[in-house]
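Notes follow the structure.
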Amino acid sequence: MKSLANALLMEHVIRFNATDAPRKQTAFPQYGYPNATFRYARMAHVMGLGEGSDLEMTNRLIDTFHDLCTKLELPHSIKDAGVDEKKFFANLDSLSERAFDDQCTGANPRYPLISEIKQLYTNAYYGENKVV
């Protein structure tokens, strides 16, 4: 179940992190800024997804992940995974706060606000590709 949750959120998290001007970033002294878009583009290049700007390559990475989920017959949204809408929204605040407090959140290149986590979850619930 944890792997499915990761798959349902991956595209949204990549899209969230792929900015060179985050409101708040993780405080690792060895980085001037997170370079997430550049790093995602490098991943896409190593995967053989072609050439292009960092943003183009990041979008190819997202598209490739989306296509893989389709081939594996995974749902593309939390809603499609069978989670009831009322139950989802009744638990959204708690879920967002727990995600914010998780020890792994501090290692994310772009440090999220709780409101941004809520929007990520909402986008993932409906399968929307909005930028947070």
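Longest exposed-loop-site-free stretch of the chain, with trypsin sites (Lys or Arg not before Pro), DSSP loop and at most 15 other Cβ within 10 Å?
25-129
Apply the a/c threshold of 1.5 to the C-alpha gyration tensor of the chain and tell me whether it is rounded, prolate or oblate.
Values: a/c = 2.23, a/b = 1.19, b/c = 1.88.
Because a/c hits 1.5 or more and a/b fails to exceed b/c, the chain counts as oblate.
Go through region 40-132 and name the GluC sites (Glu not before Pro) that are in a DSSP coil and have 13 or fewer other Cβ atoms within 10 Å of their Cβ. Provide the component values of the computation, followed by the final result.
On the way: sites: E51, E56, E73, E85, E97, E116, E128; in loops: E51, E73, E128.
The qualifying sites are E51, E73, E128.
Taking 8 Å as the Cα distance limit and 6 or more residues as the minimum spacing, I'd like the relative contact order of region 2-126 as a percentage.
Values: 122 pairs, mean separation 41.1, N = 125.
For region 2-126, the relative contact order is 33 percent.
What net charge is computed for the residues neighbouring E73, neighbours being all others with C-beta under 15 Å from the C-beta of E73, Lys and Arg scored +1, Asp and Glu -1?
Working: positive: K71; negative: D67, D80.
Here the charged neighbours net out to -1.
So how much slack lies between D20 and I114, counting 0.36 nm per residue of separation and subtracting their Cα-Cα distance, in nm?
On the way: separation 94, 0.36 × 94 = 33.84 nm, distance 2.00 nm.
Here the answer is 31.8 nm.
Size of the dipole of the chain about the Cα centre, Lys and Arg at +1 and Asp and Glu at -1 on the beta carbon, nothing else charged, in debye to 20? Could you put the intermediate results ahead of the total?
Working: 15 positive and 17 negative charges, 48 e Å.
The calculation lands at about 240 debye.
Count the lysine pairs in region 2-126 whose Cα atoms sit under 25 Å apart, keeping only pairs 8 or more residues apart in sequence or on different chains.
The number of close lysine pairs in region 2-126 is 11.
Every read-out reported here was derived from the displayed coordinates using simple, explicitly stated rules and does not represent laboratory data. All values reported here derive from a predicted model rather than from experimental measurement. Cβ: placed from backbone, ideal geometry, glycine included. Neighbour counts: every protein chain shown.
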